[in-house]
1. Could you look through segment 314-349, keep only residues that are in contact (Cβ under 8 Å) with a residue 40 or more places away in the chain, assigned to a loop (DSSP other than H, G, I, E, B) and not hydrophobic (A, V, I, L, M, F, W, C), and pick out the one that is nearest to G389 (Cα to Cα)?
2. Considering each of V312, V321 in turn, give the residue that is in contact with a Leu (Cβ under 7 Å, 6 or more places away or on another chain) and modelled with pLDDT of 85 or more.
3. Across segment 199-215, which residue is modelled with the highest pLDDT among those that are assigned to a loop (DSSP other than H, G, I, E, B) and farther than 23 Å from P145 by Cβ?
4. Can you give me the number of residues within segment 399-421 that are in contact (Cβ under 8 Å) with a residue 24 or more places away in the chain and more than 17 Å from R305 (Cα to Cα)?
5. Suppose the filter is without any contact (Cβ under 8 Å) to a residue 60 or more places away in the chain, out of contact with any strand residue (DSSP E or B) (no Cβ under 6 Å at 6 or more places or on another chain) and over 27 Å from Y191 (Cα atoms); does G77 pass it?
6. Among the residues of segment 350-361, is any assigned to a helix (DSSP H, G or I), of a type in the set (D, E) and within 25 Å of the chain's Cα centre (by Cα)?
7. Report whether or not R316 is more than 13 Å from I366 (Cβ to Cβ), out of contact with any Pro (no Cβ under 7 Å at 6 or more places or on another chain) and assigned by TED's automatic domain parsing to the domain that holds V382.
8. Which pairs have Cβ atoms under 7 Å, sit 6 or more apart or on different chains, and link a residue in segment 433-446 that is under 22 Å from V312 (Cα atoms) to one that is among the charged types (D, E, K, R)?
Amino acid sequence: MSQEFTRQLLVVRNALVSASLSGEVERIVRSLLTFRVPRAIRTRKGVKWTYTSRSFYFPELNAFPTGFLQDVLHVLGQMGVYPEVVDRRVCPQGGRPFELDIELKPFQREAVEKALKLTKAVIHGSVSSGKTVIAAGIVSRLGLPFLYVTHRQDIARQTYERFKAWFPDSVSVGLCTGGTRVRGESLVATYQSLKDLPLDFPILLVDECHRVVSEAFTNAVSNCDAFYRFAFTGTPRGRSDALDTIMDKLLGPVVQVADYDTIKRENLACDAKFIFVVVQEDLPVTDPSDFHNAETLFIVGGQKRNELIKTVCESRTKEGVTLVIVRRREHGLYLQKMIKNALFIDSSSPASRRDEARKLQSGVLIATGVIEEGIDNPNIDVLVNAAGGKSSIVTKQRIGRGLRFKEGKVLKVIDFVDLAHPLLFKHSFARYKIYKRLSDDIVFLSEEGRIVESPFGQRRRQSR
């Protein structure tokens, strides 16, 4: 191996490693940091699964995320290549710790201690574990300027308002979203608004970090060279593109905060019971593998399903909110026409309507994926999963919208077993397994409301 080949330099910073590598070594590193990602493509004949490439080597910077450093050194070492490593990471000094105007629960204080010992971590908290409170606790202990990054404007605004309420006046917090700019020594921002902004912050906090492996989110996080890097999610695993472990490389190891039972004991989450209604739509199956077609016919257009949803919503006899979650906007609008006085929100809804959804005391709220993160209303005591699907991440986020604690509340979750379509039936079974990890209180009802045997066991026996 030539001398030129073995003279390599890696400069390590908090977010990225700058690489000065010869052409052959750079190609090796690029190959190591390129991953095959499954991708579904819809064609006239149905859905076709293919693969695309996703690289975490940034050629315009000649750099890669610091979390990959040991992997790179290991592979190069096996080839007899030992680059010079210069570590430029420096722990920031001069912090001014302060008291919060909110008391942390014991498990939240423990999470703060664990995070500070690691300096970078993905904090995994169950639904209603108070991840924003934990973030505030970290900031108060360090007393340094921070950047808090999220993906939606309403979540950014809500977090900004909470920090302003919890922090003393001496802590200056700004807000940066698509149409809002409030200056501050620290900043709460959407990642889309960070382009061309200086990101010189000692602390980086990333909300709903299971999204961080998306290209735009990765770039935003990598541009902030914070020494302290903490991220928060209730669903660290379960991505459909199989890039879950990349999150660890970008933000640090996963630290478990508290399980669902702990959250309930602290009166932060309520109990839940699950009801599956077994539905047999009288529709033909044209392509058993085409989810889009199945969703259009059996979920959005499923007459029996939609009539059952209407019945659930109109049969309330007490105060409280029934939340109906849909995936497609046209489904939500269709149900809104069916259900009297229902409020519908989606990503295009103005902030005033989302605030109305948060404060709703009683009635029916229909929402698309906009409800899955950031909208908390403790008055939701019935949740109808009208969207279907099989994603562990999305399903847990949907259920989390109804688990906010309220004295005496038990959340009733209503879902559907779609018997008529084999793909939707598999999705129903996937959701059943997710619910089973939260509660053993699961019953199956016929369309007429009679208790029936689980169809999942029946179908497996029939297939043998």
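1. Going through the qualifying residues, I end up with R327.
2. Just a single option satisfies the conditions, and that option is V321.
3. S214
4. Residues that pass the stated criteria total 12.
5. Considered against the rule, which asks whether it is without any contact (Cβ under 8 Å) to a residue 60 or more places away in the chain, out of contact with any strand residue (DSSP E or B) (no Cβ under 6 Å at 6 or more places or on another chain) and over 27 Å from Y191 (Cα atoms), G77 comes out as yes.
6. We begin by selecting, within segment 350-361, every residue assigned to a helix (DSSP H, G or I); these are 351-359.
Pick out the ones that are also of a type in the set (D, E) and you get 355-356.
From what's left, within 25 Å of the chain's Cα centre (by Cα): 355-356.
Within segment 350-361 (the criterion being assigned to a helix (DSSP H, G or I), of a type in the set (D, E) and within 25 Å of the chain's Cα centre (by Cα)), the answer is yes, since at least one residue qualifies.
7. In short, yes.
8. Note: pairs meeting the criteria are S439/K273; D441/K273; I442/K436; F444/E453.
The values are calculated or read from the model by the stated rules, or taken from the named source; none is laboratory data. All values derive from a computational prediction rather than experimental measurement. Reconstructed Cβ throughout: ideal geometry from the backbone, glycine too, with neighbour counts over all protein chains shown.
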